[in-house]
Each structure stands twice: as C-alpha cells, then as structure tokens.
Amino acid sequence: MKATDKDILFMKRALTLAAKARGMTSPNPMVGAVLVKNRQIIAEDYHKKAGEPHAEVLAILKAENKAKDSTLYVTLEPCCHFDKRTPPCTKAIIDSGIKKVFVAMKDPNPKVSGKGIEELKKHDIEVINGIFEDKAKRLNEAYIKFITTKMPFVILKTAMTLDGKIATPEGQSKWITGEKARKIVHQMRGSVDAILTAAGTVKADNPELTVRVQGFRSSGVQETKNPKRIVIDPNLEIPLNYNIFDVPPETIVIAKQSQKPAPAGFKRGSQVWSQESKERKIKTLLEKGVKIIEYEGERVDLKWLMKMLGETGIVSVMIEGGASLNAYALQDGIVDKVVFFIAPKIIGGKGSIPAVGGNVFRRLEDAHRIGDIKIKRVGDDLMIEGYIV
C-alpha cells in the first residue's frame with residue numbers, strides 16, 4: 001500500500017514527538033505515536049523515560065474508547081515481549097481495537113525484530129512498514145548500534161580554526177568558536193549518556209563537562225540531563241579540587257592498573273601504586289563518589305573501554321578531548337559520527353595543536369572518509385557533521 005500525503009504528515013508528526021525526548025530515554029529508543037480517526041488526530045504522545053509507559057500506550061490511554069477502528073502512526077515497531085518494566089505495546093494495540101498501524105522502522109532488538117508486526121497481523125491488524133525509515137533510524141542511531149552490538153554510539157566533537165588548529169602552542173583554546181556553537185555543544189551533551197575526555201584537556205581547561213543550557217529540547221521543557229564524565233587519567237595527575245571531581249554528575253576515571261589490593265568499588269584492571277600519595281588520592285576519589293576503572297598496558301584500548309562502558313548500559317558517548325585522544329579514537333576505530341565546528345580564524349605555526357594528532361597517519365587513499373555530510377552556519381562558525389564510512 002502506498003502512503004498518502006496525509007500518512008506522511010502524520011508520521012512526520014510522530015517523529016517530531018519522538019525527538020522531544022532526546023537524551024532522556026536511554027537505554028530505550030525515542031518513540032512517538034499518533035492516533036488518527038477520520039483523518040483527524042484524536043490522540044498523540046511520546047515515550048519520555050525508560051521504565052515509563054511507551055508512546056503507543058500513552059496515546060491509546062488519551063484516546064480512550066475513540067481508539068477503536070483508528071489508525072496508529074508509530075516511529076518504531078511496537079514491542080511484543082515481557083522482558084522489561086512495561087507490558088507489551090502490541091497487547092494494548094490489539095485490545096484497543098486499532099485497525100491499522102503505520103510503522104516507520106522495525107525494532108532491531110532481537111526480542112522484537114519483526115515479531116511485533118507479526119503479532120499485530122495475526123489479530124487482523126493491517127501493518128504498513130517503512131514510512132520515513134531513514135529518518136527514524138537517524139533519530140535512534142545510538143539505540144540501534146547499542147542494541148545490536150552492546151557498544152555505545154560514539155560522536156567525535158571538536159572545535160577548530162580554519163587552518164585545523166584547536167589550540168595555540170601554549171595550549172590556549174578558549175574560545176575558538178562563538179556562543180551559538182557553544183550552545184549547540186551543550187545541547188549535544190544533554191543528548192548523550194557520557195562524555196569522554198583525557199587528563200591533558202582537563203588539566204588545561206578545568207572543564208565542568210556539564211549541560212548549562214536550559215530548555216533546549218524541542219518540547220520546551222525546562223529540563224536537562226547531565227551526562228556521565230569519563231576521563232582517561234593513567235597516572236591520576238588531575239588535582240583533586242578540579243571541577244571534574246564535583247560529583248554529581250557521575251565521574252569515572254580510567255587509570256593504569258595497580259598491583260595493590262583494590263579498594264571496594266574499584267575495578268581491577270597495570271602500574272604499582274608505590275607512592276603513598278597515590279593511595280591517598282584513590283581513597284579520596286572513591287570517598288567523593290568517583291568511580292575508577294583500571295586497564296592493563298601502557299595505553300588504554302579504546303575498543304575495550306567502549307565494551308566496558310556498554311556493559312554498564314552507556315548507549316552513547318561524545319568525545320571532547322584533544323589532538324591525541326581524537327587520534328587514538330579514530331585509530332582504534334570507535335568513532336561513528338564526527339561533528340566539527342570551524343571558526344573563521346587562522347592561528348598558524350608548526351607548534352600549534354591540530355585537531356587530530358598522533359604519530360600514525362594514513363595515505364590519502366586510506367584516509368578516514370566521512371559520508372552523509374551536513375553543513376550549516378552557526379553564528380560566524382560552520383558546523384560540519386557526518387559519519388565514518
């Protein structure tokens with residue numbers, strides 16, 4: 001069955017509703033639902049938070065008995081399993097008397113993955129799948145990667161000058177971009193589960209890595225969610241009075257492994273903590289509520305780290321680091337998406353710090369390639385985003 005202009009309009013509305021919960025539903029996907037009868041919207045809603053009712057159920061509850069013989073437009077295949085905190089949406093749809101369902105995309109969750117659609121069809125409900133599938137997949141790109149790989153979706157964000165520099169030779173980097181670009185960065189922080197940085201960046205800038213914009217979501221709700229802060233600090237060099245250790249929000253330090261018995265809440269993972277000051281620092285960090293994960297070897301394997309973070313339920317990560325971390329992230333193959341802000345400034349100089357450093361480079365024919373590129377003006381700056389291909 002071919003979708004009509006009205007069908008397209010209603011699914012667009014469902015996608016708009018879903019996006020209102022950006023950053024708030026993890027580890028669940030964002031989902032919007034619109035109920036239509038006689039080509040008029042009778043109820044609509046969206047999933048707001050994991051553990052709370054799903055979009056379809058909320059719309060059905062709003063419609064009450066008017067849901068009978070209506071058409072449902074939903075951005076993700078309705079769930080059909082009990083292995084979660086809320087009942088299956090397919091049951092609510094069937095019980096309500098809905099006669100037709102438009103689905104933007106199948107749920108990649110193996111517990112659903114077409115089973116929800118089949119369940120509806122078994123009860124003589126017509127199902128049309130695939131309207132705005134690409135948009136629905138982009139909306140839930142982090143959820144899709146996580147539910148299929150158990151690894152977080154990783155965004156590499158950086159701000160640089162026109163000549164590709166992120167700091168002067170002395171390390172000066174505030175502020176390369178303008179206020180509008182910085183506001184978008186705060187919005188991005190609010191949409192991810194965690195921010196990954198490294199000791200060098202923290203020591204240079206003493207950042208808070210929190211969301212400091214109110215009401216940025218499309219719903220206009222004055223609500224923000226601070227992501228977890230993950231900092232790679234192999235030798236625990238960051239001073240204890242730095243902003244990163246003000247908990248909450250949660251901070252996780254990634255450090256070299258100690259040979260001494262690990263304190264409670266300290267994950268094992270190389271280096272002997274021979275200095276008494278380091279032992280005191282570990283104890284103080286743990287008392288502050290900071291979590292510590294250790295790794296073996298001279299440098300943390302970022303793929304291993306992503307696996308560890310995925311095991312804790314972290315669905316999305318944004319990298320806000322310097323040249324070295326950016327280089328290692330690309331080298332280790334963990335980056336899914338890049339967002340580069342480019343300011344109309346030129347620093348120049350061989351000693352200035354590039355956006356991507358490291359000792360490893362690729363030949364032109366082997367360079368990291370970016371696809372599905374979008375470019376927009378943000379104040380005086382440019383914002384370029386795309387996906388590693």
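How high is the FRET efficiency from Lys111 to Asn38, r the C-beta distance, R0 45 Å, rounded to 0.05?
Efficiency computed from Cβ-Cβ geometry: 0.80.
Just to be sure I understand: if I project the alpha-carbon convex hull of the range 2-88 onto a plane and average over all orientations, what area do I get in nm²?
Its average projected convex-hull area is 5.8 nm².
Just grab the label-to-label distance for Glu208 and Leu9, each label 7 Å out from Cα along the Cβ direction, in nm (one decimal).
4.4
Could you give log10 I(q)/I(0) at q = 0.13, 0.21, 0.34 Å⁻¹ for the range 35-79, computed by the Debye formula over C-alpha point scatterers of equal weight, without solvent?
-0.26, -0.65, -1.31
Within the P(r) computed for the range 95-136, what percentage of the Cα pairs occupies the region above 16 Å?
37
Under the classification rounded if a/c is under 1.5, otherwise prolate if a/b is larger than b/c and oblate if not, where does the range 316-383 fall, given a ≥ b ≥ c as square roots of the Cα gyration tensor eigenvalues?
oblate
When the convex hull of the C-alpha atoms of the range 26-134 is computed, what volume per residue in Å³ does it have?
Hull volume normalised by residue count: 91 Å³.
As an exercise, take the mean of 1/r over every pair of distinct alpha carbons in the range 302-349, invert it, and state the Kirkwood radius in angstroms.
It is 12.7 Å.
Take peptides 382-388, 143-149 and line them up by average Cβ neighbours within 10 Å, highest first, as a rough protection proxy.
Highest to lowest by the protection proxy: 143-149, 382-388.
In Å², and per residue, what accessible area does the chain have when probed at 1.4 Å with the other protein chains present?
49
Can you work out D for the chain in µm² s⁻¹ from Stokes-Einstein, where Rh is the Kirkwood radius over C-alpha pairs, the temperature is 10 °C and the viscosity is 1.306 mPa s?
Calculated translational D: 69 µm²/s.
With just the Cα atoms defining each centre, how far is the range 309-331 from the range 82-149? Give it in Å.
30
Once neighbouring chains are kept in place and the probe is 1.4 Å, which whole percent of the accessible area of the range 135-207 is contributed by carbon and sulfur?
Answer for the range 135-207: carbon and sulfur cover 54 percent of the accessible area.
Ranked by accessible surface with a 1.4 Å probe, highest first, in what order do His81, His368 come?
In descending accessible area the options line up as His368, His81.
With an 8 Å cut-off on Cα pairs and a minimum separation of 6 or more residues, tell me the relative contact order of the range 314-362 in percent.
60
So who's got an amide H within less than 5 Å of the one on Val339, skipping anything under 5 residues away but keeping other chains? H placed 1.01 Å off N, in plane.
Amide H neighbours of Val339, under 5 Å, 5+ apart: Leu156, Lys157, Thr158.
For the range 1-90, which whole percent of the accessible surface, found with a 1.4 angstrom probe, sits on carbon and sulfur atoms?
54
Rank-order 100-107, 60-67 by packing density, defined as the average count of other C-beta atoms within 10 Å over each peptide's residues, highest first.
100-107, 60-67
Can you sort Ile347, Ile93 by solvent-accessible area, 1.4 Å probe, largest first?
In descending accessible area the options line up as Ile347, Ile93.
Which distance in nm do the two modelled labels at Asn65 and His368 give, with both placed 7 Å along the Cα-to-Cβ direction?
Roughly 6.0 nm, to one decimal.
The values are calculated or read from the model by the stated rules, or taken from the named source; none is laboratory data. Because the structure is a prediction, the values reported are computed rather than measured. Neighbour counts are summed over all protein chains in view; Cβ atoms, including those assigned to glycine, are modelled from backbone coordinates with ideal geometry. For accessibility, only protein heavy atoms count, side chains too; no ligands or nucleic acids. Shrake-Rupley method; radii C 1.70, N 1.55, O 1.52, S 1.80 Å.
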